[in-house]
Amino acid sequence: MDSLDEACAVAEGLGERIFLTTGRQGLAAFAGSSRWFLVRCVDPPDPPVPARSEVLLDRGPYTVDGELDLLRSHHIDVLVTKDSGGPLTAAKLDAAAESGTAVVVVRRPVPPDVAVVETVEQVMAWLR
C-alpha cells in the first residue's frame, strides 16, 4: 500500500478487528471506518480516531510471544503497520504469520531525489 487511506480500504476487506501500529498521526485515515481497532502508539493520539477502538499506549521492544498473546486476546483479524525498515517490527510480523493474521503494510514514501552522503568528509566536500 502507498497510503494509510489505501491500507484502510484493504484492511476493511480482510477482517473486522484491526490492529493498527501505524503511529498516532495517521489515525484520521481510519476514523470513518465501522471496524473495531486496537490502536497501539507511544503517545496518546489526537482526534480523530476510529469510533470503535481501544488505545494501547506502549513502547517496544516487543516479543513474538507477547504479540501473539495480544493478537489472540483481542481476536485480531488484520495487522496494519508501516514499513519501518528495521528489526523492531519483526515480532508483530512473525506473530501475525504464526497466527494466520492478515497483514497490510504501508510502504515508505519514495525519498526525494537529493544528494546523499554518508561520512563527515563527504558532507564537507558537498558543502564546498
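The values are calculated or read from the model by the stated rules, or taken from the named source; none is laboratory data. This one's a predicted model, so the numbers in the text were calculated from it and none came from an experiment. Heads up, the Cβs are rebuilt from the backbone with ideal geometry, glycines too, and the neighbour counts pull from every protein chain shown.
Looking only at region 104-128, residues that are β-branched (Val, Ile, Thr), within 20 Å of Gly26 (Cβ to Cβ) and surrounded by 10 or more Cβ atoms within 10 Å (Cβ to Cβ) come to 3 in all. When restricted to residues that are touching a residue at least 60 places away in the same chain (Cβ under 8 Å) and under 16 Å from Arg72 (Cβ atoms), region 102-116 contains 1.
Where helices (runs of 4 or more DSSP H) sit wholly within region 32-128, those with at least 1 residues that are within 19 Å of Ile18 (Cβ to Cβ) and modelled with pLDDT of 95 or more occupy 64-73, 90-99.
Of all residues in region 4-33, count the ones that are basic (Lys, Arg) and more than 14 Å from the chain's Cα centre (by Cα). Qualifying residue count, region 4-33: 1. For region 13-26, the set of residues classified as within 20 Å of Leu70 (Cα to Cα) and not polar (S, T, N, Q) consists of Leu14, Gly15, Glu16, Arg17, Ile18, Phe19, Leu20, Gly23, Arg24, listed by residue number. State all residues of region 71-103 that are under 15 Å from Gly60 (Cα atoms), polar (S, T, N, Q) and crowded, with 16+ Cβ neighbours inside 10 Å; if no residue qualifies, say none. Once the filter is applied, which keeps residues that are under 15 Å from Gly60 (Cα atoms), polar (S, T, N, Q) and crowded, with 16+ Cβ neighbours inside 10 Å, region 71-103 yields Thr81, Thr89.
Give the residues of region 5-26 that are part of a helix (DSSP H, G or I) and modelled with pLDDT of 95 or more, sorted by residue number. The answer is Asp5, Glu6, Ala7, Cys8, Ala9, Val10, Ala11, Glu12. Candidates are the residues of region 1-30 that are farther than 19 Å from Leu88 by Cα and β-branched (Val, Ile, Thr); the one that is surrounded by the most Cβ atoms within 10 Å (Cβ to Cβ) is Ile18. Ser33: loosely packed, with under 14 Cβ neighbours inside 10 Å and of a type in the set (Ser, Thr, Tyr), yes or no? Considered against the rule, which asks whether it is loosely packed, with under 14 Cβ neighbours inside 10 Å and of a type in the set (Ser, Thr, Tyr), Ser33 comes out as no.
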